[in-house]
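Data block below; observations after.
The values are calculated or read from the model by the stated rules, or taken from the named source; none is laboratory data. Everything numeric here is computed off the predicted structure, so don't read it as measured data. No Cβ is skipped: glycine too gets one built from the backbone with ideal geometry, and neighbour counts run over all protein chains shown. Ligands, DNA and RNA are excluded from the accessible area calculation, which covers all protein heavy atoms including side chains. Shrake-Rupley method; radii C 1.70, N 1.55, O 1.52, S 1.80 Å.
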Amino acid sequence: NLVAAITSKSAAGLRKRWGEKSSILVACALPLVGYFGMGFGAGLAGVSAGFALYLGRGLIQVNMREEFNHHIPNHFRATAN
């Protein structure tokens, strides 16, 4: 959870630097990397790959909330959130 929190704090800056689409693609790819890395990696390599899950979680939380708020009209936003 600490990894996800630190990633969430820096996600806005990464989104500006990488762009919206690249940031979302990376955020969606990181859990895949984590699961496959844990499945095929042994020992410390597999455990280290698990951190990709939390990196992706931190990015997804910020990116998806930003996209959600961007596409919902103002008068529905409070109800939708």
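Assorted remarks:
- Any hit, the range 65-74, residues being in contact (Cβ under 8 Å) with a residue 40 or more places away in the chain and of a type outside the set (Gly, Ala, Ser): yes
- Positions within the range 60-71 being open to solvent by 60 Å² or more (accessible area, probe 1.4 Å), of a type outside the set (A, V, I, L, M) and under 18 Å from Ser10 (Cα atoms), in sequence order: Gln61, Arg65, Glu66
- Among residues of the range 1-37, those that are under 14 Å from the mean Cα position of the chain (by Cα), surrounded by 12 or more Cβ atoms within 10 Å (Cβ to Cβ) and not hydrophobic (A, V, I, L, M, F, W, C), counted: 9
- Residues in the range 1-23 that are among the β-branched types (Val, Ile, Thr) and within 11 Å of Gly56 (Cα to Cα): Val3, Thr7.
- Any hit, the range 38-59, residues being polar (S, T, N, Q) and surrounded by 14 or more Cβ atoms within 10 Å (Cβ to Cβ): no
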